[in-house]
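The values are calculated or read from the model by the stated rules, or taken from the named source; none is laboratory data. The shown structure was predicted, so the numbers you read here are calculated from the model rather than taken from an experiment. Don't worry about glycine lacking a Cβ; one is built from the backbone with ideal geometry, like all the others, and counts go over all protein chains shown. Surface accessibility is based on the protein's heavy atoms, side chains included, excluding ligands, DNA and RNA. Shrake-Rupley method; radii C 1.70, N 1.55, O 1.52, S 1.80 Å.
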Amino acid sequence: MTVVVNVGDDDDIYGVRVCPDLDTVTYTLAGIEGPDGWGITGDTFLTMDHLTTLGVDTTFRLGDCDLATCLYRTMRLGEGLPLSTVTAELGSRHAVTARILPVTDDPVHTRLQTDEGEWLDFQEYFVRRRHTDVVRRVEYDGAEAAKPAPGVAEAIESSDLVLIAPSNPVVSIGPILAIPGIQRLVEDRPRVSAVSPLFGGATVKGPAADLLRSTGLGEGNRAVATAYRGLITHLVVDSADAADVELLSDFDIAVSVLPTLLTDEATAGSAAAAILNAAERSAPRRTA
C-alpha cells in the first residue's frame, strides 16, 4: 500500500518544520497515534509548558516526542534531503510497512479567504482560530509550480485501486489534486473510490461540512460527489446517510452504504475490508 499525503498544512512552528498530515498517517500506521487523532499516545508536553511560562503562544500544541519528530525532520531537511526521503526515514524508524509519500517535495501552502476578505494560513484558520471563520475561497499557493514527489505518479499509474480516504475534500484532498498531473493520473485509473467524511450529513470533527457549503459545493454527500465529479467511479457513504443514495443518482457513480465510523481497531479493520470489497466490486470507469 502506498499512501499519498497532503502537504498544504505544513508550516514552520517553534522553529521546526511541522507536517501534520504526514505525521498523523505515520503515527496511525505505526499504532501510536494519540487519542484525539493527532500526536503520539502517552506524549508529555513539558516543552510546551515551559514555552508558555516564557510568554510564547502555545495554542499549537506539540508533544515532546512529536516535537522530536519535527526536530529530526528540520535537521534532515537542513542537510539538503527532500521531504520524501525524510518521510521514508521516519516511517522506517516507526516500522511502518506501507509506503508514505508526500504528494510533493515542493512547498505548498493552503490559504483560506474569510467572509470578511481576510486571507489566513491554514494553521491560523484551523488551530489558532479553531476553524470558526466562514470561508469563501481556498487557494493552494505554490501548487502550480510543484512537481509530484518521486514515486507518486508511478504509484498511481500502477495501482489496482485508488482509494480517497474520508478526509476533507477541500483542504486535505484538494491540495493533493492541485499538484500538476495528479488529477489526470487519478482520472485515468479504471477504479477510483472515495469514502465520504460525513455521518448523517455532518462530520464527527473538523470543518469539512462547513467548507463544502461555504465554498459553494453544496450540502451533504451531494457536495462530496460534486467535489469529486469526474474523478471517482465509486462513493462510500455511511449507513446514517443511506437516504442520500437516491440523491446521487445523477452523478454516474456507484454508491455503497456501509458503516464507516471507526470507533476502535476491530471496527476499523471490518470497515476497511468492507470498503475495499465494495470498491473492487464496483464497475470500472467507462471509456469512449
Residue tally, condition surrounded by fewer than 16 Cβ atoms within 10 Å (Cβ to Cβ), part of a helix (DSSP H, G or I) and small (Gly, Ala, Ser), over the stretch 91-102: 1
Residue list for the stretch 65-90, filter: open to solvent by 50 Å² or more (accessible area, probe 1.4 Å) and in a helix (DSSP H, G or I): 65, 68, 71, 72, 75, 76, 77, 78, 85, 88
Inter-residue pairs, beta-carbon under 7 Å, first closer than 16 Å to residue 84 by Cα and in the stretch 12-39, second assigned to a loop (DSSP other than H, G, I, E, B) and open to solvent by 70 Å² or more (accessible area, probe 1.4 Å), 6+ apart: 20/38; 24/38
Residue in the stretch 190-208 that is surrounded by the fewest Cβ atoms within 10 Å (Cβ to Cβ), counting only those that are modelled with pLDDT under 95 and outside any loop (DSSP other than H, G, I, E, B): 202
Qualifying residue in the stretch 113-132 (condition: touching a helix residue (DSSP H, G or I) at 6+ places or on another chain (Cβ under 6 Å) and farther than 27 Å from residue 260 by Cα): no
Residue in the stretch 38-59 that is in contact with a strand residue (DSSP E or B) (Cβ under 7 Å, 6 or more places away or on another chain) and either closer than 26 Å to residue 111 by Cβ or of a type in the set (D, E, K, R) (or both) present: no
Residue list for the stretch 154-178, restricted to those being over 16 Å from residue 100 (Cβ atoms) and either open to solvent by 40 Å² or more (accessible area, probe 1.4 Å) or over 17 Å from the mean Cα position of the chain (by Cα) (or both): 157, 158, 160, 161, 166
Subset of the stretch 11-36 (residues that are open to solvent by 10 Å² or more (accessible area, probe 1.4 Å) and farther than 20 Å from residue 125 by Cβ): 15, 25, 28, 29, 30, 31, 32, 33, 35
Matching option when the condition is in contact with a Gly (Cβ under 6 Å, 6 or more places away or on another chain) and buried (at least 18 other Cβ atoms within 10 Å of the Cβ), among 8, 39: 39
Conditions (1) more than 14 Å from residue 27 (Cα to Cα); (2) buried (at least 18 other Cβ atoms within 10 Å of the Cβ): number failed by residue 60: (2)
In the stretch 227-242, the residues that are free of Cβ contacts under 8 Å to residues at least 24 places away in the same chain and closer than 26 Å to residue 136 by Cβ: 229
Some residue of the stretch 128-139 being of a type outside the set (Phe, Trp, Tyr), closer than 20 Å to residue 38 by Cα, open to solvent by less than 60 Å² (accessible area, probe 1.4 Å) and not in a loop (DSSP other than H, G, I, E, B): no
Residue match in the stretch 246-255 (condition: of a type in the set (D, E, K, R), out of contact with any strand residue (DSSP E or B) (no Cβ under 6 Å at 6 or more places or on another chain) and either open to solvent by less than 80 Å² (accessible area, probe 1.4 Å) or part of a loop (DSSP other than H, G, I, E, B) (or both)): yes
Residue identified as assigned to a loop (DSSP other than H, G, I, E, B) and either open to solvent by 70 Å² or more (accessible area, probe 1.4 Å) or in contact (Cβ under 8 Å) with a residue 24 or more places away in the chain (or both) among 276, 261: 261
Odd one out for residue 212 among (1) outside any loop (DSSP other than H, G, I, E, B); (2) surrounded by fewer than 18 Cβ atoms within 10 Å (Cβ to Cβ); (3) of a type in the set (A, V, I, L, M, F, W, C); (4) out of contact with any strand residue (DSSP E or B) (no Cβ under 6 Å at 6 or more places or on another chain): (2)
